[in-house]
């Protein structure tokens, strides 16, 4: 079961009201210039004993001003009081705050930060292995691309893997000197959409395992899109 909450109306965002509280650890995951989206996450680890099974994705949108940290050990979010809001606006006199902007206070370990945005929301559930977040889903519209980042739009590159991480993920032997005479296979999920101009065939995503590719294919097929998996060898 997945729980979702989205708060963007004045009667939901009363000054001083607590909106969210969790003892879990949250980290900054992504920010996009598109729509000023700011995403934080508490990751679930269902395969590890004693760790939470669910993932919590927490989104502010659009974020106009922010004073945040990259890591929170326990997190509470509340609406700022009128005095706190006035202080934040005074500290950012050059910013034109809109009528729908709200100051959200983030409290953790006795310290406070804030985000100025029009809305805040969160989703909690078991995040699929191939899902980047609960806030960027596959849509059967062009371009037929499997979401490769937690948020749509132009992002800040916070989730881009390094070349070293890619090599480590593809390599079956750690710290081995490889002459690239071997290869590993990746699995490409292909889609076909019929349009008046003819069929449009493209790759929706590349996955390291067939299990991940099958999971993505099932999601795409459920959207009534013609979809199949192709294997491609990559030299290592």
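Observations on the structure shown:
- Out of 59, 19, one residue alone is under 18 Å from residue 104 (Cβ atoms) and within 15 Å of the chain's Cα centre (by Cα). It is 59.
- Test result for residue 103, at pLDDT 95 or above and either under 30 Å from residue 197 (Cβ atoms) or in contact with a helix residue (DSSP H, G or I) (Cβ under 6 Å, 6 or more places away or on another chain) (or both): yes
- Residue count for the range 165-181, restricted to those that are exposed (fewer than 10 other Cβ atoms within 10 Å of the Cβ) and at pLDDT 70 or above: 0
- Checked across the range 182-192, the condition of being modelled with pLDDT under 80, assigned to a loop (DSSP other than H, G, I, E, B), surrounded by fewer than 19 Cβ atoms within 10 Å (Cβ to Cβ) and touching a strand residue (DSSP E or B) at 6+ places or on another chain (Cβ under 6 Å) holds for no residue.
The values are calculated or read from the model by the stated rules, or taken from the named source; none is laboratory data. Note that the coordinates shown come from a computational prediction; the quantities given were computed from them, not determined experimentally. When we count neighbours, we look across all protein chains shown, and the Cβ atoms used for this are built from the backbone with ideal geometry, even at glycine.
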